[in-house]
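Please treat every number below as a calculation from the coordinates, not as lab data. Note that the coordinates shown come from a computational prediction; the quantities given were computed from them, not determined experimentally. Using ideal geometry, Cβ is built from the backbone for each residue, glycine included, and neighbour counts are taken over all protein chains shown.
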Amino acid sequence: MIKSMTGYGGAKGASGKIDITVEIKSVNNRYHDCTIKIPRVFISFEESLKSVIQGHISRGKVDVFVTVDSSKADDVEIRLNRPLAEAYLSTLRAMTSEYGLGGGLSAIDLARFPDVLQAEKREADAEQLCADITAVLEDALTGFDEMRAREGEKLYHDILSRLDAIEKLTVMAEEISPRSVAEYRKKLEARMQEILQAAGIDEARILTEAAIFADRVSINEETVRLRSHIAQLRDMLQSGEPVGRKIDFLVQEFNREANTIGSKGNDAELSRLVVDLKAEIEKIREQAQNIE
């Protein structure tokens, strides 16, 4: 089943005590254009995430928002700067001995000296974090694909109804076309009767002129190709592959046949029918802009 290029999906997850949120939204675009917005510290994950996205999306403007919240993570460690602490202690003992100072020194007193205690943030396992972000991304893509599939189903049924209408209009055009030849022959006979009056009418000449006219206004080739295009488009809709661009190209062929029928038409009713035909083709073209 076809999918729409427009969709939205979101998911939440965690990597240890780090919260992860991924949101995906897409709009129509002629090509695949993916932008990932992720905290700069995790920018190295971008290519890996893009490869996952490309496995799901072949066409459209895609924006992916990745939020990583580590405010609840217990990844802070207090380290004792032993060389510095021992230097302070050695200096303090020397001062006590040299100047005859009294009073003891507690651990709290020593901790107040600059840089004796240092707070360090433990580095997260980058490989594991990337894997966890990817898992949340996959969940978001699942919802995203489901929404696009629902929209695609609507497009599918709408295009099928347009194809049915085009098929009916094609049948009507085939019924009208011979009638215009018969009317042309009657008009030709009337004109020759008027011009020649009492003289006899050359029936062979009338037949020849009518045959030339019939060949010039015949739309058989165009209607045969139209039916072929209709069948091909129906097959595309059933393929389950991204076919939006192919449909766009095929619709141009629909238009070419409709224009040729219009240029060959020598009948007011056929001209009105061609207008309806082109209107249905244009609606398919508009819908094709939404298909992946």
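Listed values, structure above:
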item: Residue-count net charge about Asp33 - beta-carbon cut-off 12 Å; Lys, Arg +1, Asp, Glu -1; result: +3
item: Surrounding net charge for Lys283, when Lys and Arg each add one and Asp and Glu each subtract one, Cβ distance under 13 Å; result: -3
item: Trypsin sites (Lys or Arg not before Pro) within the stretch 1-74, DSSP loop, no more than 14 other Cβ atoms inside 10 Å; result: Lys17, Arg30, Lys72
item: Amide hydrogen neighbours beyond the local backbone of Asn29, cut-off 5 Å, H modeled; result: Gly60, Lys61
item: Cβ-defined net charge surrounding Leu92, 15 Å radius [Lys, Arg +1; Asp, Glu -1]; result: -1
item: Listed residue pairs exceeding 19 Å between alpha carbons, taken from Lys37/Lys72; Lys25/Lys72; Lys37/Lys61; result: Lys37/Lys72; Lys25/Lys72
item: Longest to shortest principal axis, alpha-carbon extents of the stretch 28-147, angstrom; result: 84, 21, 19
